[in-house]
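I'd like to ask you about the structure that follows.
The values are calculated or read from the model by the stated rules, or taken from the named source; none is laboratory data. Note that the structure is predicted; figures quoted are calculated from it, not measured. Cβ: placed from backbone, ideal geometry, glycine included. Neighbour counts: every protein chain shown.
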Amino acid sequence: MERTQGKRRPILGSRYDRPVPLGTPVKALIERQARNPSTVTYSLETTVLEVLRGERARERIRKADLADINPDPGFEYLMARIRFRYAPKARGLPEYEPYEVENIQFTALSHDGSEEYGMPPLKRQPDPGLIDLSIAVNESREGWVVFQVPQDEKEPLLAFDRDAAEGRLTLKTARGLLWFKLYHFDPMTLDGDCVECVRPGS
């Protein structure tokens, strides 16, 4: 928890009302059961780099011939470019295993986290894509994930479930969810709790 004027606030990215802004990396620790009785701890850094939606996303999907049908009525495509960095936390570990990315780890939601939006049916994933990607240790990979969201949902969120991919993953936070913004920062909507307003070095 973070402290502000004597009060504790949820850590950035730990809840729907404290989503991580675009371009902001978040690190999480993952404990994996090794083949011997010990566990191996890894660091997974996640960053939502870019978001496209509406006509820009539809045109990119059309040019790449990724889908045969349009989004559901009242919905539009949203594409998120995400980067992962995966590394062990110590040298000389007994074994290294890749991090497997699966579609069940990604969920787009409403601004208050109350409503989930599914992924559209695609003929294939965008290039580069993230679904079914295997990330080796000490490797940084990025790619696109495609969602469909209501056209009138102005501030959709992404919930990334770090422990959904493999049963051997044990996270140090409840459910392992990381919450990200799937929209660009608008300085006209400041609420006094602005992470994007001042960045290091600015």
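With respect to Asp112, determine if the residue is modelled with pLDDT of 95 or more and either in a strand (DSSP E or B) or surrounded by fewer than 16 Cβ atoms within 10 Å (Cβ to Cβ) (or both).
yes
Now for a separate question. Does region 103-130 hold any residues that are farther than 17 Å from Glu50 by Cβ and within 16 Å of the chain's Cα centre (by Cα), and which are they?
Those that are farther than 17 Å from Glu50 by Cβ and within 16 Å of the chain's Cα centre (by Cα): Asn103, Ile104, Gln105, Thr107, Leu109, Ser110, His111, Gly113, Glu116, Tyr117, Gly118, Met119.
So which of Gly129, Gly118 is among the small types (Gly, Ala, Ser), at pLDDT below 95 and buried (at least 16 other Cβ atoms within 10 Å of the Cβ)?
Within the list Gly129, Gly118, the selection yields Gly129.
Need a quick list: strands (runs of 3 or more DSSP E) entirely within region 137-202 having at least 2 residues that are at pLDDT 95 or above.
139-150, 157-161, 177-181
Now for a different question. Determine if region 78-98 includes at least one residue that is at pLDDT below 95, of a type in the set (Val, Ile, Thr) and not in a loop (DSSP other than H, G, I, E, B).
no
In region 30-48, is there at least one residue being closer than 25 Å to Asp152 by Cβ and either modelled with pLDDT of 90 or more or part of a strand (DSSP E or B) (or both)?
Checking region 30-48: at least one residue is closer than 25 Å to Asp152 by Cβ and either modelled with pLDDT of 90 or more or part of a strand (DSSP E or B) (or both).
Then there's this: Restricted to region 51-68, and to residues that are of a type outside the set (Gly, Ala, Ser) and either within 20 Å of Glu116 (Cβ to Cβ) or crowded, with 17+ Cβ neighbours inside 10 Å (or both), which residue is nearest to the chain's Cα centre (by Cα)? Spell out how you get there, then give the answer.
Just the residues of region 51-68 that are of a type outside the set (Gly, Ala, Ser), to begin with: 51-53, 55-56, 58-63, 65-66, 68.
This time we only want the ones that are either within 20 Å of Glu116 (Cβ to Cβ) or crowded, with 17+ Cβ neighbours inside 10 Å (or both), so: 51-53, 58, 61, 66.
Values: Val51: 11, Leu52: 14, Arg53: 16, Arg58: 21, Ile61: 20, Leu66: 21 Å.
By that ranking, first place goes to Val51.
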